[in-house]
Each structure stands twice: as structure tokens, then as C-alpha cells.
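Reviewing the structure listed below.
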Amino acid sequence: HVTEDDIERTLHLISQSSLYALEEEIRNGYITIPGGHRIGFVGQAVLDGLKVKTIKYISSLNIRLARQVVGCATKIIPFLYNNTEQRPYNILIVSPPKCGKTTLLRDVIRLFSSGFYCSTKREKIKFNVGLVDERSEIAGCYLGIPQNDIGPRTDVLDGCPKAEGMIMLVRSMAPQIVATDEIGRPEDVGA
């Protein structure tokens, strides 16, 4: 049986006793720790108008261990690349929760960035990838450093709203591919 004291001690450990320094992450309902692991939590939402200002009286934790499956996208890469036009197709990965969409996307990004062989070329095909990782799930950045293998040509904009981040990457980094996870808001679709 998990007690209120257990939850409080866990939060102090993962925040290094500086929960106030993680105010933005708390507002979003999770904290990212080294390795790209995430601790989600729920409790009483404190609102500022219609927006969540913070969460207090945290009553439950969900510890998600980040896990890479390097090579899981190898078999599908040929179907994501248009040999005729020599460019990737526009890709949307859809499935029910907990089926590996983010894991697959991470490996697709890694392969496009690191390079892969296709049937019509002898050298590896490589792309500059811009990744907007709003919730630090794909690259698993900690203090700005990706904890997961996302390839050498991937620029990560971590913790930035998707719609704003996609525009920023296109303007500043000139990616050949823009990747993000969980398109959910109308502004994400528009971007």
C-alpha cells in the first residue's frame, strides 16, 4: 500500500528537493528525469482561469521507463521512402495507446538521420531531421542532451509546443524532415 508520505518522498527525490524549480513540468503533469524516464502524476488541479497553474495534493504516480528498440523500424523504412522522387513520404503513425508509436517514431528518426540503404542507391540515404519533442519522450533529453539514439543529423527542440517548434525549426535549422509526436491541437495540424 502506497502512502501519502511515500508519494511525497518520491517527489522530493526525483525533483532533488526543488519541486518549485519544476513548475512548468508540474503544470503539464509529469517530470522528466535522467535517461528520458518520466514520472506522471495526478492530484488537484489549481486553475488560473481555464488553464492549469499547478497540481497540488498529488495522489498518484505513474513511472514510465524510457526504452529504445533500436532497429524496430528497419523493415518498414523502404515503405516510408519514395525512390522515384528520392524523398520520404509524409508519414502519420496511428494506433491504440501503448502499441509502440513513439518507439517506432524514434527509430524512424534515427534511421533517416543515421542513414539507410534503399534498393536504387549504393550509398546510404541520410537526412537532416528537426525534432520537436514537446514532452521529452522521443529524444528523452535531460538538460538539453538526448538520452536516446536519434541519429547524428537530428536537431532537437525539447519542451517546446509543437506548432511553435515546427515553425522555429524550419526557420532556423533547415531540416529536410520535421518530426513530432502526438498531433492533437488544431494549431499542431496547421503547423
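The values are calculated or read from the model by the stated rules, or taken from the named source; none is laboratory data. In this text, all values refer to a predicted model and were calculated from it rather than measured experimentally. Here the Cβ is made from the backbone with ideal geometry for all residues, glycine too, and neighbour counts use every protein chain on show. In case anyone asks, the SASA skips ligands and DNA or RNA and just uses the protein heavy atoms, side chains included. Shrake-Rupley method; radii C 1.70, N 1.55, O 1.52, S 1.80 Å.
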Study note, to complete from the structure: Residue count, the range 106-141, condition more than 18 Å from residue 181 (Cα to Cα) and of a type outside the set (Asp, Glu), comes to 13
Review point. Within the range 30-43, restricting attention to residues that are without any contact (Cβ under 8 Å) to a residue 40 or more places away in the chain and more than 13 Å from residue 159 (Cα to Cα), which residue is farthest from the chain's Cα centre (by Cα)?
Key: 43
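Take residue 89 and decide whether it is more than 24 Å from residue 34 (Cα to Cα), modelled with pLDDT of 95 or more, more than 20 Å from the chain's Cα centre (by Cα) and surrounded by fewer than 16 Cβ atoms within 10 Å (Cβ to Cβ). Let's see the steps before the verdict.
Numbers: more than 24 Å from residue 34 (Cα to Cα): yes; modelled with pLDDT of 95 or more: yes; more than 20 Å from the chain's Cα centre (by Cα): yes; surrounded by fewer than 16 Cβ atoms within 10 Å (Cβ to Cβ): yes.
Considered against the rule, which asks whether it is more than 24 Å from residue 34 (Cα to Cα), modelled with pLDDT of 95 or more, more than 20 Å from the chain's Cα centre (by Cα) and surrounded by fewer than 16 Cβ atoms within 10 Å (Cβ to Cβ), residue 89 comes out as yes.
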Review point. Only one of (1) at pLDDT 95 or above; (2) loosely packed, with under 13 Cβ neighbours inside 10 Å; (3) not basic (Lys, Arg) is not met by residue 72, so which one is it?
Key: (2)
Check your understanding: Residues of the range 95-128 being closer than 15 Å to residue 75 by Cα, among the hydroxyl-bearing types (Ser, Thr, Tyr) and either open to solvent by 60 Å² or more (accessible area, probe 1.4 Å) or in contact with a helix residue (DSSP H, G or I) (Cβ under 6 Å, 6 or more places away or on another chain) (or both), which ones?
Key -> 117, 119
Review point. Among the residues of the range 30-50, how many are of a type in the set (Gly, Ala, Ser), touching a strand residue (DSSP E or B) at 6+ places or on another chain (Cβ under 6 Å) and farther than 27 Å from residue 149 by Cβ?
Key: 2
Exercise for review: Would you confirm whether any residue within the range 35-42 is closer than 27 Å to residue 177 by Cα and surrounded by fewer than 16 Cβ atoms within 10 Å (Cβ to Cβ)?
Suggested key: yes
Review point. Residues in the range 44-69 that are exposed (fewer than 13 other Cβ atoms within 10 Å of the Cβ) and under 22 Å from the mean Cα position of the chain (by Cα): how many?
Key: 4
Exercise for review: Residues being modelled with pLDDT under 90 and surrounded by fewer than 12 Cβ atoms within 10 Å (Cβ to Cβ): count how many of those fall in the range 5-17.
Suggested key: 3
Practice item. Identify, by number, the condition in (1) in contact with a Gly (Cβ under 9 Å, 6 or more places away or on another chain); (2) charged (D, E, K, R); (3) in contact (Cβ under 8 Å) with a residue 12 or more places away in the chain that residue 149 doesn't meet. Key: (1)
